[in-house]
Amino acid sequence: MSVTDPILRVALPLPLPRLFDYRAPGTEAATQDWIGRRVRVPFGPRELVGVVAEVGPAEDGTHELREILACLDDAPLLHGELADSLRWLSRYTHAPLGEVLATALPAALRRGEPLPDTHAWAWRLTEAGATHLPALRAGTRPRRFADLVQAAGLHGEDALDVAMDDWRTAARALAKRGIVERVAIPASQLAPTPQPGPTPNDEQAAVIETIRAAQSGACTGFMPLLLDGVTGSGKTEVYLQAIADCLARGRQALVLVPEIGLTPQALARFRARLGVPVHALHSGLNDNERARVWAAAWRGEARVIVGTRSAIFVPLPQAGLIVVDEEHDASYKQQDGIRYHARDFALVRGKALDVPVLLGSATPSLESLHNANAGRYAHLRLTRRAGNAQAPRVRVLDVRKRPLDAGLSVELLEAIRDTVDRGGQALVFKNRRGYAPVLLCHDCGWSAHCHRCSTPEHNSPMTVHAGGRRLQCHHCGARQAVPKACPDCASLALQPQGNGTERIEETLARVFADVPVVRVDRGSTRRKDALERHFDTLGDRPGILIGTQMLAKGHDLPNLTLVAVVGIDEGLFSADFRAGEKLAQLLIQVSGRAGRAEKPGEVWLQTHHPEHPLLQTLIHGGYHAFAEQELAQREAAGFPPFAHLALLRAEAKHADAPMMFLREAKQAFADADQTITDQTIAIHGPLPAPMPKRAGMHRAQLLVSSNERRQLHRLLDSALPVLYASPEARKVRWSLDVDPVDLY
């Protein structure tokens, strides 16, 4: 290789805002075709997998560069729109390009594994299986699986997911006996027969026609559409019809959902309605499964992808539509690593791909409502529930001076009894998992707190779990047994204070021993398919659900007629400026689970503050009345969406280091501010974080605010190189969060 030959500039997954130069191997020439391909390179004593970002002219010292070890791809994996969008994301989040590109790739591809095959898998009976089938005991899981496979001849795994729970255990057992076998086939061979859906009502039909016009190009290619529909108004039906139109034009559709728990339910409904295989992409899959879906999308074979936050990075070479369900949900914001927002990046990708982006929610974020009010989004409304379902009746129950059992009033327990006696189901909503939030000594006042997350000025209590036998910190995960006696006074009067979902479950199981009581929270749904098994346990029979915000959205429970919300008072007096919005969304979403079918629904809100303005506004004016008031307050206070924020966080084992680094950062911002002509920047801090210690690390933060988004990014562009070069930066772990959703 000549010293004048072009060189490869590689983006490596390192927290450094630069590219690294390498020579092409042997006699190969570095051409533009290398851009977007993965390469394995030497980096000090290690080997890393990176992506070629540029091919440039040689500079002085090029002959001393190391060669790449191997090119891992025959064709660029990251190219075209996706590569351009990822570069935009790197610039917007001010994150190193190498880390952004690594985030966009599934873990298997980040490790350098080859792009996997994307055939589908199916099961069939072997010749021996056909002979031995009658010998399998009737009614057992293996027999039911064998009967399914025999009836279909060739049964795809996606269809099996819908037809039978935990079929994989039976399949493995029968495969060992040679009765069934797994075969690879083209995915198109397993395309299901599309099922007809309900006839849209007039509101749905008008919305569908607007989306159809956007997809056909009658208006424009890219169009952000805010589908603002009350709970139960049939937003999913609108999505399905829009996706069907997208498929009819030979295009791909991407659907984002906020949580893994919603994915199986969405998949089952989508697979029943659309005549193509529907691919799932979420963190519940293993690395190989995620890589296969990504590869199928890259090849254009995956026509419909339904996934959680990280699915926004799938390639879409034939894109036609992007849907973001529950667009207001905070889980779309990545809280570590590259702090992107999947909803906002969906809009960026939609514009680059020139396709409509449909944002759906019963409680749109204030940012989206502000954009709709300003005319930047088309605002589509669904104001009534689909079919004959009616909005639930809301009752506020003042529990002041009333006796409570695990936080439940006598009147509420009577309402639950009446519901189950009439054959209905009740949901008791408490957004606090565990048995009790605090363990307290009744004699001396000692309370159990986490030593890794507490400071002398700020105690972080440990939550009581396992019926009062275990303590767990919900911030760092630390666990310990409940002490037998008070560590301070040796008293035996240790008492759990407050109520969590476990304690409520215990009480309801005692009071309602004649009906199933099912708890749904993070602790009870750790295993794969646990959520579906909980719903199957309850079925359509009378019973009681207890749950956290996992049950507040997306789930369609037709026999649920009573929703009881307990313990909402904590959210009424938070210092977080977004607390009111989050609480209003949560109350509307969880209330929307009631009365979604033919039976009327009822919502009970237990509170010690029935006259609170937020509750009164929601009850008498609804979510949009609250949003109008909240937007006016945000504008007066200079909060988003009327201002743009960047939060610089720092943490270290010693409390002084984060503050020293942030003081230096503040000076760097102040110096950079002098170069900006419009003085629209405000710098707040540095201050200890609202939670000043977590997992043994002391935390502090610096908030930068600007009325102009462009000015904020100019400031960050100017100041960040100083921070990367700072000696203080090496003493802390720091991160920059542009557009933070919370200040914690």
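Since every read-out is calculated from the coordinates, none of them should be taken as a lab result. Please read these numbers as outputs of a predicted model, since none were measured by experiment. When we count neighbours, we look across all protein chains shown, and the Cβ atoms used for this are built from the backbone with ideal geometry, even at glycine.
Per the Kirkwood treatment, what hydrodynamic radius in Å, one decimal, follows for region 7-110 from the mean inverse distance over all distinct Cα pairs? Please report the intermediate quantities before stating the final value.
Details: mean 1/r = 0.0726 Å⁻¹.
For region 7-110, the Kirkwood estimate is 13.8 Å.
Ranking Val255, Val41 by Cβ neighbours within 10 Å, fewest first, what do you get? Show your work: numbers first, answer last.
Values: Val255 26, Val41 20.
Ascending Cβ contact count within 10 Å gives the list Val41, Val255.
State the extension gain, in nm to one decimal, for the chain segment bounded by Thr193 and Thr126, taking 0.36 nm per residue of separation less the distance between their alpha-carbons.
Values: separation 67, 0.36 × 67 = 24.12 nm, distance 2.55 nm.
My answer for the length gained is 21.6 nm.
Mind putting a number on the dipole of region 259-334 about its Cα centre? Charges go on the C-beta only, +1 for Lys and Arg and -1 for Asp and Glu, and I need it in Debye to the nearest 20.
Details: 9 positive and 8 negative charges, 58 e Å.
Magnitude of the dipole: close to 280 debye.
Considering only DSSP beta bridges where both residues belong to region 202-382, give the percentage that are antiparallel (nearest 5). Can you show the working numbers first?
Numbers: 1 of 28 bridges.
So the antiparallel bridges amount to about 5 percent of the total.
Hey, with R₀ at 45 Å, roughly what FRET efficiency would Gln633 and Ile185 work out to, going by the Cβ-Cβ distance, to 0.05? Could the numbers behind the result be given before it?
On the way: r = 58 Å, r/R0 = 1.29.
The pair Gln633/Ile185 has a calculated efficiency of 0.20.
For region 271-330, report the % of Cα-Cα distances exceeding 17 Å.
Working: 676 of 1770 pairs.
Cα-Cα pairs in region 271-330 separated by more than 17 Å: 38 percent.
Let me know the charge dipole size of the chain about its Cα centre in debye, to the nearest 20, where only the beta-carbon of Lys, Arg (+1) and Asp, Glu (-1) is charged.
Dipole of the chain, to the nearest 20 debye: 1760 debye.
So, R0 is 51 Å and r is the distance between the beta-carbons of Ala163 and Arg381; what FRET efficiency does that work out to, to 0.05?
Numbers: r = 37 Å, r/R0 = 0.73.
Here the calculated transfer efficiency is 0.85.
Just going by the charge dipole of the chain, with Lys and Arg at +1 and Asp and Glu at -1 on Cβ, which of Ala374, Pro198, Ala627 is farthest out on the positive end?
Pro198
Please compute the Kirkwood hydrodynamic radius of region 558-650 from all pairs of different C-alpha atoms, in Å with one decimal.
Value: 14.9 Å, from the Cα pair sum.
Compute log10 of I(q)/I(0) for region 100-160 with the Debye formula, placing one identical point scatterer on every Cα and leaving out solvent, at q = 0.12, 0.19, 0.24 Å⁻¹, to two decimals.
Per q value, in the given order, log10 I(q)/I(0) is -0.50, -0.73, -0.96.
If we count every other residue with Cβ under 10 angstrom of Pro224's Cβ, Lys/Arg +1 and Asp/Glu -1, where does the sum land? Please list the in-between numbers first.
Numbers: positive: Lys351, Arg376; negative: none.
Its environment carries a net charge of +2.
If the chain between Trp88 and Ala481 were fully stretched, how many nm would it gain, using 0.36 nm times the residue separation less the Cα-Cα distance? Walk me through the numbers before you get to the answer.
Working: separation 393, 0.36 × 393 = 141.48 nm, distance 4.85 nm.
That works out to 136.6 nm of additional length.
Regarding the chain, what's the average projected area of the Cα-atom convex hull, expressed in nm²? Mind showing how you got there, number by number?
Values: hull surface 150.0 nm².
Dividing the Cα hull surface by four gives the mean projection, 37.5 nm².
Once a ≥ b ≥ c are taken as the square roots of the eigenvalues of the Cα gyration tensor of region 202-382, is the result rounded (a/c under 1.5), prolate (a/b larger than b/c) or oblate (a/b not larger than b/c)?
Values: a/c = 1.44, a/b = 1.22, b/c = 1.18.
It is rounded, given that a/c, with a ≥ b ≥ c, falls under 1.5.
What percent antiparallel are the DSSP beta bridges of the chain, to the nearest 5?
Details: 63 of 115 bridges.
About 55 percent, rounded to the nearest 5.
Quick check on the exposure proxy: order Glu127, Glu157, Glu630 from fewest to most C-beta atoms within 10 angstrom. Provide the component values of the computation, followed by the final result.
Numbers: Glu127 8, Glu157 15, Glu630 20.
The fewest-first ordering by Cβ neighbours comes to Glu127, Glu157, Glu630.
Counting Lys and Arg as +1 and Asp and Glu as -1, what is the net charge of the other residues whose Cβ lies under 14 Å from the Cβ of Thr617?
Values: positive: none; negative: Glu581, Glu611, Glu628, Glu630.
Net charge in that neighbourhood comes out at -4.
Given the convex hull of the Cα atoms of region 415-507, what is a quarter of its surface area in nm²?
Working: hull surface 29.2 nm².
Computing the convex hull of the Cα atoms and averaging its projections yields 7.3 nm².
What lysines does Lys176 reach when the alpha-carbon gap must be under 29 Å and sequence neighbours fewer than 8 apart in one chain are set aside?
List returned: Lys528.
Once you have the Cα-Cα distance between Asp202 and Val438, take 0.36 nm times their residue separation minus that, and quote the gain in nm to one decimal.
Length gained, Asp202 through Val438: 79.8 nm.
Explain nothing, just the number: relative contact order of the chain, from Cα pairs under 8 Å at least 6 residues apart, as a whole percent.
On the way: 1459 pairs, mean separation 76.0, N = 744.
After rounding, I find 10 percent.
What list do you get for Lys582, Lys653 if you sort them by fewest beta carbons within 10 Å?
Details: Lys582 18, Lys653 11.
The order, fewest Cβ neighbours first, is Lys653, Lys582.
May I ask which residue of Gln606, Trp34, Val49 lies farthest towards the positive end of the charge dipole of the chain, with charges of +1 (Lys, Arg) and -1 (Asp, Glu) on Cβ and the Cα centre as origin?
Comparing the listed Cα positions along the dipole, Gln606 ranks first.
To the nearest 0.05, how large is the calculated FRET efficiency for Ala374 and Ala107 if R₀ is 41 Å and r is the Cβ-Cβ distance? Don't jump to the answer; show the numbers that get you there.
Working: r = 40 Å, r/R0 = 0.97.
E between Ala374 and Ala107, to the nearest 0.05, is 0.55.
Given Cβ point charges of +1 (Lys, Arg) and -1 (Asp, Glu) and nothing else, what value in debye, to the nearest 20, does the dipole of region 629-744 about its Cα centre take? Walk me through the numbers on the way to the answer.
Details: 14 positive and 14 negative charges, 110 e Å.
So the dipole magnitude of region 629-744 works out to roughly 520 debye.
Count the net charge of all other residues whose Cβ sits under 13 Å from the Cβ of Asp287, scoring Lys and Arg as +1 and Asp and Glu as -1. Each step should come with its number before you reach the end.
Details: positive: Arg110, Arg111, Arg290, Arg292; negative: Glu113, Glu289.
Charge balance near Asp287 sits at +2.
Just tell me which lysines come within less than 24 Å, Cα to Cα, of Lys235; anything on the same chain fewer than 8 places away is out.
Once the sequence-local lysines are set aside, what remains near Lys235 is Lys333, Lys351, Lys553, Lys582, Lys599.
Out of Gly139, Trp167, Ala152, whose Cα points farthest toward the positive end of the dipole of region 120-185 (charges: +1 Lys, Arg; -1 Asp, Glu; placed on Cβ)?
Gly139
Quick check: pseudo-label points 7 Å beyond the Cα along Cα→Cβ at Glu64 and Ala670, how many nm apart are they?
4.0
Need the list of aspartates and glutamates near Lys401 for cross-linking: C-alpha distance under 16 angstrom, and skip anything on the same chain fewer than eight residues off.
Glu411, Asp569, Glu611
Taking 2.2 N^0.38 Å as the expected size of a compact globular protein, what ratio does the Cα radius of gyration of region 644-738 give against it, to two decimals?
Details: Rg = 12.9 Å, N = 95, 2.2 N^0.38 = 12.4 Å.
With N residues counted in region 644-738, Rg over 2.2 N^0.38 Å equals 1.04.
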